[in-house]
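J.: Here you go, one structure.
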Number of protein chains: 2
Amino acid sequence: MATIKDVAKQAGVSVATVSRVINGIGYVHEDTRKKVETAITELQYTPNEVARSLYKRKSRLIGLVLPDITNPFFPELARGAEDEMQENDFRIIFGNSDEKLDKEQEYIQTFVQNNVVGLIASTNYPDTDTYRNLGIPVVFLDRTADNRPSVYSDGREGGRMAAREILARGSRRITVMRGPEHIRPAQDRFQGAIEKLKDQGIAYNVIHTSSFAFTEAGTWAKELFERYPDTDGVIASNDIVATAVLHEAQRLGKKVPDDVQIIGFDDISLSSLLTPSLTTIRQPAYDMGRAAARLLIQLIENKKVDQKTIQMPVTFTERDTTRKVEQQHG
Amino acid sequence: MATIKDVAKQAGVSVATVSRVINGIGYVHEDTRKKVETAITELQYTPNEVARSLYKRKSRLIGLVLPDITNPFFPELARGAEDEMQENDFRIIFGNSDEKLDKEQEYIQTFVQNNVVGLIASTNYPDTDTYRNLGIPVVFLDRTADNRPSVYSDGREGGRMAAREILARGSRRITVMRGPEHIRPAQDRFQGAIEKLKDQGIAYNVIHTSSFAFTEAGTWAKELFERYPDTDGVIASNDIVATAVLHEAQRLGKKVPDDVQIIGFDDISLSSLLTPSLTTIRQPAYDMGRAAARLLIQLIENKKVDQKTIQMPVTFTERDTTRKVEQQHG
């Protein structure tokens, strides 16, 4: 029985072109369309085969669950995953879970019903049955659980690093912005930071934040300087919150970094465009997305996987919201 | 023959719970699971019915094609569409076309193969056959074509508004950043701006930009002040480019808004957190997403549609990268 490949060969066009003609989607030159239609007739290529080939195409579909597309960190992750998938001829569809378990489960259900062959999930609930019983490979991204396939960065070390660097640059009245409690990476970096501060015997204040939304970040920044006006160093829960803290400090007439130093987390694109540009703990978001996609493809294709859990390094990205070490010691 | 609703009624649970049990997805309490399984057995609810109910669920799936998820304007649009769809019990899956026709067509094909019942597309190619021959309702978002269903804002008026306001605040050596040529809304706002400048007999310079990427925006900002160092007013192609211009101006020691005024376009979340905060022409992104979803639902449900093309107003959002009018005239 003829396959779509046979039709493509006979018509002298690509499989993609045949597919476009069959599905009536996308531009195909009239002459090409006729050639394909002739080949379909001659080879008696049947609707059944059409269905079969569509099914085959479906089976290169990947689902990606993101927790919050309005936080620029996640679109960056998604772009990495997407580019890697595209280069390997997989297609990726996204769902936005809004950090909510029920929305997340709805998306997973949708993806599974649509025959995705693999899933990448940035979830706060990696150890639920949802993921254990799926029957398709799953890679956790920016999250991890047990020994299951995952790509994440070292949040705890990132937190320690932020504390170490802000101390090395002379801050002593430090306020730590604690990220949303249900978001694990946010808690890891918080724990890392206070661990280091305690180690060094430095007292600190904590501001609790319940989301990473731009719209709310300003409120916590205000609270920070109202409650702890003598703060001379802020370890923010991410770059969005750090941006709001910088804005509020400047609004209050404080000099950054002279009066108050600020360190963010993530290194989203806008951070280098702030004035002063934001010192931050960088996560390699785009590369993390790519690594997760590569790992998932290996699992889908049953290839030997050298490393199932990939922890990527965070890096101190020194810009202008912190003082230079030389100035401190000089 | 029993339906999923009958099973739910008999078990005393929601349809969603029955669906979770059937699909083995998501947490269901063991007692509840047993109740559902008993009901399924008693009513002789069959796998065929399962398939049928899955099909029905599928048919509440919507596809959304975004051109660039790393530009914060689009996640904001998506959130609006998503919230409206969610409230109406539709699910939305995303694809990122990267402003490329072939990626866009691949996503549309993927969506159609997965039985989406409607499509929202931010496309640069609204008048291709792709969209004419789909056989499902399509709403264009942030784009429009002919008289087809669409939700967009008035870019041309936005451009005129930017020019009018920057002139009213005293800029006379104006540089206009022209957005990517293949992105229609960018061209509309550019045309609007130069139309107004010409009307007023004001000469202007133009910097061509070929993307809205954060990483490249800095290059154009540098080019702007190298080529036209006496610029005292910048009409940027969007807020990302405006952010880069602000950063570069400050790096060069220019005072904003005293030496140079800057007006952006979009009003993305970060714009109010910059220092000085960015004056911009606001598009109601979230509301545009909601309106597109509402319109699409009306089309899917064959309801009477009062208005098929919805143009939403842009508003001058005055912040601190422009001088106050009173200061000019006072």
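J.: Does any residue of region B:199-209 turn out to be part of a helix (DSSP H, G or I) and either crowded, with 23+ Cβ neighbours inside 10 Å or over 28 Å from the mean Cα position of the chain (by Cα) (or both)?
T.: Scanning region B:199-209, I find at least one residue that is part of a helix (DSSP H, G or I) and either crowded, with 23+ Cβ neighbours inside 10 Å or over 28 Å from the mean Cα position of the chain (by Cα) (or both), so the answer is yes.
J.: I've got another one for you. Can you tell me which residues in region A:105-126 are polar (S, T, N, Q), surrounded by fewer than 21 Cβ atoms within 10 Å (Cβ to Cβ) and within 20 Å of the chain's Cα centre (by Cα)?
T.: Correct list: A:124 only.
J.: Determine which single condition residue A:276 fails, assuming it passes every other condition in (1) under 23 Å from residue B:213 (Cβ atoms); (2) more than 18 Å from the chain's Cα centre (by Cα); (3) without any contact (Cβ under 8 Å) to a residue 40 or more places away in the chain; (4) surrounded by fewer than 24 Cβ atoms within 10 Å (Cβ to Cβ).
T.: (3)
J.: A further question on this structure: Yes or no: residue A:129 facing chain B (nearest Cβ under 8 Å), surrounded by fewer than 18 Cβ atoms within 10 Å (Cβ to Cβ), free of Cβ contacts under 8 Å to residues at least 60 places away in the same chain and farther than 26 Å from residue A:179 by Cβ?
T.: yes
J.: Give just the number: which of (1) in contact with a strand residue (DSSP E or B) (Cβ under 6 Å, 6 or more places away or on another chain); (2) within 11 Å of chain A (Cβ to nearest Cβ); (3) farther than 17 Å from residue B:190 by Cβ does residue B:213 not satisfy?
T.: With respect to (1) in contact with a strand residue (DSSP E or B) (Cβ under 6 Å, 6 or more places away or on another chain); (2) within 11 Å of chain A (Cβ to nearest Cβ); (3) farther than 17 Å from residue B:190 by Cβ, residue B:213 is out only on (1).
J.: Looking at region B:234-260, which of its residues are away from chain A (no Cβ under 11 Å), over 19 Å from the mean Cα position of the chain (by Cα), crowded, with 23+ Cβ neighbours inside 10 Å and not β-branched (Val, Ile, Thr)?
T.: Across region B:234-260, the qualifying residue is only B:257.
J.: Residue check: is residue B:318 of a type in the set (D, E, K, R), touching a strand residue (DSSP E or B) at 6+ places or on another chain (Cβ under 6 Å), at pLDDT 95 or above and surrounded by fewer than 22 Cβ atoms within 10 Å (Cβ to Cβ)?
T.: Answer is yes for this residue.
J.: I would also like to ask the following. Going by the structure shown, is residue A:64 closer than 25 Å to residue A:268 by Cα, away from every other protein chain (no Cβ under 11 Å) and buried (at least 22 other Cβ atoms within 10 Å of the Cβ)?
T.: Taking the combined requirement at face value, the residue does not satisfy it.
J.: What do you reckon, is residue A:141 within 23 Å of the chain's Cα centre (by Cα), of a type in the set (A, V, I, L, M), buried (at least 22 other Cβ atoms within 10 Å of the Cβ) and in the same structural domain as residue A:297 (by TED's automatic domain parsing)?
T.: Considered against the rule, which asks whether it is within 23 Å of the chain's Cα centre (by Cα), of a type in the set (A, V, I, L, M), buried (at least 22 other Cβ atoms within 10 Å of the Cβ) and in the same structural domain as residue A:297 (by TED's automatic domain parsing), residue A:141 comes out as yes.
J.: Taking the conditions exactly as written (facing chain A (nearest Cβ under 10 Å), free of Cβ contacts under 8 Å to residues at least 60 places away in the same chain and more than 15 Å from the chain's Cα centre (by Cα)), does residue B:231 satisfy them or not? Let's see the steps before the verdict.
T.: Values: facing chain A (nearest Cβ under 10 Å): no; free of Cβ contacts under 8 Å to residues at least 60 places away in the same chain: yes; more than 15 Å from the chain's Cα centre (by Cα): yes.
Spelling it out, it is not the case that residue B:231 is facing chain A (nearest Cβ under 10 Å), free of Cβ contacts under 8 Å to residues at least 60 places away in the same chain and more than 15 Å from the chain's Cα centre (by Cα).
J.: Does residue B:80 qualify as being touching a residue at least 24 places away in the same chain (Cβ under 8 Å), over 28 Å from residue B:222 (Cα atoms) and assigned to a helix (DSSP H, G or I)?
T.: Yes: the conditions hold for residue B:80.
J.: If residue A:189 meets every condition in (1) under 20 Å from the mean Cα position of the chain (by Cα); (2) surrounded by fewer than 18 Cβ atoms within 10 Å (Cβ to Cβ); (3) at pLDDT 90 or above; (4) charged (D, E, K, R) apart from one, which number is that one?
T.: (2)
The values are calculated or read from the model by the stated rules, or taken from the named source; none is laboratory data. None of these values were measured; they are calculated from a predicted model. Counting neighbours? That spans all protein chains shown, and the Cβs are built from the backbone with ideal geometry, glycine included.
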